[in-house]
Every structure is written in structure tokens, then in C-alpha cells.
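The values are calculated or read from the model by the stated rules, or taken from the named source; none is laboratory data. This structure is a prediction, so every number in the text was calculated from the model and none was measured. Cβ placement follows ideal geometry from the backbone for every residue including glycine, while neighbour counts extend to all protein chains displayed. In case anyone asks, the SASA skips ligands and DNA or RNA and just uses the protein heavy atoms, side chains included. Shrake-Rupley method; radii C 1.70, N 1.55, O 1.52, S 1.80 Å.
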Amino acid sequence: MGFNLIGLIKAAVLNGAPLLFGTSGEILTEKSGNMNLGVEGMMYMGGAFGLAGAFLYGNAMGDAANGFVAVIIALVCSFLAGAFGALIFSFLTISLRANQNVTGLALTIFGTGVGQFVGELMRIKVGGNVTVSNALKDAFANSIFPQAMQDIPIIGQLLFSYNPFVYLGLIMAVVMAWFLNKTRKGLYLRAVGENPATADSAGINIEKYKYIATIVGGGISAIGGMVYTMTIAGSVWNHSALSGEGWVAVALVIFCLWKPLNSLWGSVLFGGLLILYLRLPIAFIPTQIYKVVPYIATVVVLILVSLRQRKEDQPPAALGLAYFREER
């Protein structure tokens, strides 16, 4: 079987789409100074609740179910699930000033458990696999562009043949970069993550910005779990399918140097590395070696960034630190 470069690029983009959402959500969170290591749990919740929303809608409407409506329902359900998990994290770390690392790991356990519970509960209720109709699957997996555009040699396959979440993720990353770099509220948010004491002195509401960024970031990350479940996993619940995606997203945040636009190509690169063992297998290299390559790449980037010591490539200065106003 010959090597298919276009097929590898397409697969990398499709597998990178869930990572793009998971990474972008965590970048927004960390820009506020909060480090939420619960991305894995939120993606599990997003996958389970997103599928549940589309599944229940499809069952209720039967043949009258509309694919666009199912996609919107899945997006809303997954976002709300992740936002709820992030709200718990925010309350514990911002209001109660609990340790962010410990709380994030606890959220991973909590979110994974909730997601698996919801998924298995649906599976038991229906007495088999939890999935949506073929018509609804097509709405999640098929391209939004006409077939004529997809049939354009090379360009059609590389630009117009992806599911709607690829293009939604592209727009989201661009808008997030614009918000963080070009708007007043975005600059306020970055100030909160860099030096909350100074931002507080300037009249910026620290808790408000941290809460909003963390909750919205958690919702965006959870959408990544839904995208994985509804596209890569074939709109079928599999309690182990999402395992590890959240941790790859956390590593990708570091690899992308906390920059939303970098997550566009970074997610494609990591998506390609994750499925490289399927597309370019080498007999004497175990599958496990392929799967640790993204983490090795992240460590290399960390070393290079540390050696260069450029401020714009460093994490927010107050990342992971609780803010005590009385110590200002």
C-alpha cells in the first residue's frame, strides 16, 4: 500500500479538530492565570452530554429530525456540561483559593466519571450501542460545501472536504486571537493573568475576568469532546474512546506557547502524530512510541523556549497562583 500524503493531511486535520477546541479553551483559561488540568474530564463530559442531546432529539423527532438542529443541540449540551465543570473549578480555586493543580486533577476524575456514567446509563436504557440515525451522523461528519467544490483536484480535498467543526474551530481560534490581542477586554484579561495585583489597582474586576474566562474556556474544551465522539468515534458512545485527548490538549497549550493562532497548525500536527502509526507504520517501532511523540515534542519546545527566554513565549506570569487581594 503506497503512502497517501493528501490522505494523511486530511486525517491530521480531522483528528486535530477536537484538540483545537480543547487547546483553545485551555488557552483562554490560562490567559486569566487559572491552570485547569481538568480538560480531560470536561472533554469526557462534553462527549457524553453532546451525544446524549443529539440522541434524545433524534429519538423524539424520528424521521423529522433535522441535522442542523441536532448539531446545535450537541454544541449547546457539550458547552454547558464543560462550563458546569469549569464553574466548580472556578468556585474552588477563585473563591475558595484551593490549589489549582489538585483541583484540576480532581475535575479530571469527576468529569471522566460523570461522562462514563451518562454514556453507560444511555447504553443500558437502549439495551445496546448509543448512536444517532445515519441522517444525523451525516450532518456531523459531512462537509458543508457542495460536492463540486470537494471534487476540485487536490484543493477540494485539502480545503473543502471537512466536517463543519473544522471550520468552526478555525473561526473560533481567529476570533479568540483577535479578542486577546486587539480588544480592551482581552487586554484586561491578559493583565489579570500577568499581574493581578496591578490589574486590581487599575480597577479591573479580577474575579469576574477569571470566572468568565475559565467557564467559557471549559465549555469550549468540552466541545472538543463532543466533536471527537460525533465524528472520529462515529457518533457512538465508547467509554474509552476519549482517553488521553484532554492531556494531549494540555500539552498542546504549551507547545503552542499560549497563542490561539498557533493552535491551528499545532492541532493539525498533533492530530497527525496521533494517527501516524495507522498511516505510516514502521514494523520495528511499537505503537506506544508513536503515541508519546506529541509529549516528546512538547518537552523539546519547553527546553527551547526556556533557552530563548523571550517574554512573549512564556506562560502568564501569575499562572496557577491564587490571588490574595490583602497581599497586594
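Taking residues in region 56-72 that are open to solvent by 70 Å² or more (accessible area, probe 1.4 Å), and partners anywhere that are among the charged types (D, E, K, R), not one pair has Cβ atoms closer than 9 Å while being at least 6 places apart or on different chains. Within region 260-272, if we keep just the residues that are in contact (Cβ under 8 Å) with a residue 40 or more places away in the chain and not small (Gly, Ala, Ser), the residue that is nearest to residue 30 (Cα to Cα) turns out to be 260.
From the list 166, 174, 216, exactly one residue is surrounded by fewer than 17 Cβ atoms within 10 Å (Cβ to Cβ), part of a helix (DSSP H, G or I) and within 17 Å of the chain's Cα centre (by Cα). Which is it? Spell out how you get there, then give the answer.
Working: 166 fails: surrounded by fewer than 17 Cβ atoms within 10 Å (Cβ to Cβ); 216 fails: surrounded by fewer than 17 Cβ atoms within 10 Å (Cβ to Cβ).
None of the other options fit; the residue is 174.
Residues in region 166-190 that are touching a residue at least 12 places away in the same chain (Cβ under 8 Å) and in contact with a Gly (Cβ under 8 Å, 6 or more places away or on another chain): 180 alone. Residue 159 passes every criterion in (1) open to solvent by 30 Å² or more (accessible area, probe 1.4 Å); (2) within 18 Å of residue 11 (Cα to Cα); (3) in contact with a Leu (Cβ under 9 Å, 6 or more places away or on another chain) apart from (3). Taking residues in region 118-147 that are among the hydrophobic types (A, V, I, L, M, F, W, C), and partners anywhere that are surrounded by fewer than 14 Cβ atoms within 10 Å (Cβ to Cβ), not one pair has Cβ atoms closer than 6 Å while being at least 6 places apart or on different chains. Evaluated against (1) in contact with a Pro (Cβ under 8 Å, 6 or more places away or on another chain); (2) open to solvent by 70 Å² or more (accessible area, probe 1.4 Å); (3) farther than 27 Å from residue 8 by Cα, residue 144 falls short on exactly one condition, (3).
One residue is enough: does region 95-117 have a residue meeting the conditions among the charged types (D, E, K, R) and without any contact (Cβ under 8 Å) to a residue 24 or more places away in the chain?
Here is the first cut: in region 95-117, the ones among the charged types (D, E, K, R) are 97.
Those still in the list that are without any contact (Cβ under 8 Å) to a residue 24 or more places away in the chain too: none.
No: zero hits.
Taking the stated definitions as given, is residue 73 of a type in the set (A, V, I, L, M, F, W, C) and over 23 Å from residue 168 (Cβ atoms)? Considered against the rule, which asks whether it is of a type in the set (A, V, I, L, M, F, W, C) and over 23 Å from residue 168 (Cβ atoms), residue 73 comes out as no. Filtering region 1-55 to residues that are surrounded by 21 or more Cβ atoms within 10 Å (Cβ to Cβ), of a type in the set (Phe, Trp, Tyr) and farther than 15 Å from residue 165 by Cβ leaves 44, 49, 55.
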